[in-house]
Amino acid sequence: MKKDLLSIQDLTTKDVNLLIDTALKIKSDIKDYSDVMHGRTVVLIFDKPSLRTRITFEVAMRQFGGNSIYMHGNEISLGVRETVSDAAKNLSRWVDGVVMRTFGHDIIAELAESATIPVVNALTDLEHPCQALACLLTLHEHFDNLHGRKMVFVGDGNNVAHSLMLLAPLAGMDFTMCCPVGYEPDDEIASAAKRMAVETGTTYLNDNDPESAVKDADLIYTDVWASMGQECEAEKRSQEFQEYQVNSDLLAAAGTDCLVTHCLPAHRGEEITSEVLDSPRSIAFDEAENRLHIQKAVLYTLLGM
Ligand code: CP
Ligand code: NVA
């Protein structure tokens with residue numbers, strides 16, 4: 001494994017399998033790991049709000065017998081009060097890892113470059129790798145085999161979509177991106193995802209029509225139409241994404257055993273209906289639970305326990 005988890009592109013298939021196996025083991029033998037981080041501290045630096053990510057990282061460290069320190073990015077003023085690189089060098093002298101949620105992916109990359117300790121991406125504008133890994137862990141619990149299964153992302157070509165399209169080929173899954181014109185994923189990420197699909201014998205497809213995109217899908221994934229930092233576009237997006245709501249009609253167009261998920265927080269009645277989010281087909285809350293277990297695996301593996 002690389003020192004940091006900034007992007008799914010930092011991982012190989014072997015790394016992904018190791019993280020999933022470790023997470024399953026930690027989840028089933030929670031007591032065996034109750035002291036593995038004794039005397040160790042992870043700092044969480046968040047420039048954006050969070051419920052799931054902050055709580056699960058902090059609970060992970062507590063359940064491991066270690067400590068966490070949460071700081072809002074404003075307090076550190078990275079790049080203003082001191083350079084990102086100087087802050088990274090300081091943090092490396094005191095703590096054992098950094099978990100960061102910020103806007104620009106370049107900031108976390110710069111921090112990781114100067115830090116001698118692991119840095120974990122807790123969401124940037126470009127990626128949300130822990131979320132995608134939690135999705136994969138959840139799929140492993142619901143399906144015997146993921147090879148040849150089809151994941152369809154219906155919604156904005158955003159950070160969560162990016163991490164999923166990069167992870168699907170590593171799991172042997174086909175990926176279809178379904179978004180309105182103008183809301184496509186980042187070109188470089190989509191190209192990397194296509195390249196990985198070729199290398200792994202899976203597929204990467206674009207389909208702007210939700211009904212045809214979800215045909216034979218095993219999983220429909222959706223997320224908010226306006227991400228954190230895009231609040232001023234929310235109204236415009238809400239109109240342009242109307243056809244992309246994940247509702248019972250769309251689910252009916254998918255495979256009979258198709259599951260549905262959402263990274264949460266959900267805007268019920270917008271990108272997903274309550275009927276679907278609360279239905280037996282929804283694995284969104286299982287995935288939220290698994291954020292804890294996969295992040296424990298990430299910390300355990302990267303901090304070299
Ligand atoms: N899914 C997710 O990352 O949730 P939070 O923004 O609440 O952390
Ligand atoms: N795409 C969303 C994910 C939130 C967990 C955002 O960045 O706001």
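The values are calculated or read from the model by the stated rules, or taken from the named source; none is laboratory data. As the structure is a prediction and not an experimental result, all values here were calculated from the model. Note that each Cβ is placed from the backbone with ideal geometry, even for glycine, and that neighbours are counted across all protein chains shown. The protein model used for the area step is the full one, side chains on, heavy atoms only, and it has no ligands, DNA or RNA in it. Shrake-Rupley method; radii C 1.70, N 1.55, O 1.52, S 1.80 Å.
Out of all DSSP beta bridges with both ends in the chain, state the antiparallel percent to the nearest 5.
Percentage antiparallel, nearest 5: 0.
Relative to the longest principal axis of the C-alpha atoms of the chain, give the angle of the C-alpha long axis of helix 159-170, reported between 0 and 90° and rounded to the nearest 10°.
Tilt of helix 159-170: around 80 degrees.
Out of the total accessible area of the range 12-167 (probe 1.4 Å, heavy atoms of protein only), what percent is carbon and sulfur?
50
Choose one answer from Ser114, Ser68, Ser28: the residue with the largest mean-square fluctuation in a GNM of the chain with alpha-carbon springs under 10 Å.
Ser28
Which whole-number percent is the relative contact order of the chain (Cα, under 8 Å, 6+ apart)?
19
If one takes the longest principal axis of the Cα atoms in the chain, at what angle in degrees, from 0 to 90 and to the nearest 10, does the Cα axis of helix 284-302 lie?
Helix 284-302 sits roughly 40 degrees off the main axis of the chain.
Semi-axes of the range 1-105's equivalent ellipsoid from the Cα gyration tensor, sqrt of 5 times each eigenvalue, largest first, rounded to whole Å?
Values: eigenvalues 131, 60, 36 Å².
In descending order, the three semi-axes are 26, 17, 13 Å.
Carbon and sulfur together cover what percent of the accessible area of the range 184-289 at a 1.4 Å probe radius? Present the calculation step by step, with values, prior to reporting the outcome.
Numbers: 2520 of 5440 Å².
For the range 184-289, the apolar C and S fraction of the accessible surface comes to 46 percent.
List the aspartates and glutamates whose Cα lies under 15 Å from the Cα of Lys27, skipping any in the same chain that are fewer than 8 positions away.
Straight-distance partners of Lys27: Asp35, Glu141, Asp286, Glu287, Glu289.
Under a Cβ-Cβ cut-off of 13 Å, what is the net charge of the residues other than Ser50 that fall near it, where Lys and Arg count +1 and Asp and Glu count -1?
+3
Which residue fluctuates the most in the chain, going by a Gaussian network model with Cα springs under 10 Å, if the choices are Cys258, Cys135, Cys178?
Among Cys258, Cys135, Cys178, the largest mean-square fluctuation in the Gaussian network model of the chain belongs to Cys258.
Could you calculate the FRET efficiency of Asn90 with Glu188 from 1/(1 + (r/R0)^6), where r is the beta carbon distance between them and R0 is 25 Å, rounded to 0.05?
Once rounded, the FRET efficiency stands at 0.20.
Please find, in a Gaussian network model of the chain (springs between Cα atoms separated by less than 10 Å), the residue of Glu127, Glu110, Glu235 whose mean-square fluctuation is greatest.
Maximum among the listed residues: Glu235.
Could you state the number of Å between the C-alpha centres of the range 174-228 and the range 5-23?
When both Cα centres are located, 21 Å separates them.
Treating cross-link reach as a plain straight distance, find the lysines whose alpha-carbon is under 29 Å from the alpha-carbon of Lys194, omitting any fewer than eight places away in the same chain.
List returned: Lys2, Lys3, Lys14, Lys150, Lys215.
So with the 1.4 Å probe, I'd like the accessible area per residue for the chain, rounded to whole Å².
So the chain comes to 43 Å² accessible per residue, rounded to a whole number.
In terms of the Cα gyration tensor, with a ≥ b ≥ c the square roots of its eigenvalues, is the range 154-305 rounded because a/c is under 1.5, prolate because a/b exceeds b/c, or oblate?
Taking the square roots of the gyration eigenvalues as a ≥ b ≥ c, the range 154-305 is rounded.
Taking the chain as the reference, fit the longest principal axis to its C-alpha atoms, fit the long axis of helix 129-142 to the helix C-alpha atoms, and give the angle between the two in degrees, 0 to 90, nearest 10.
Once rounded, the angle reads 60 degrees.
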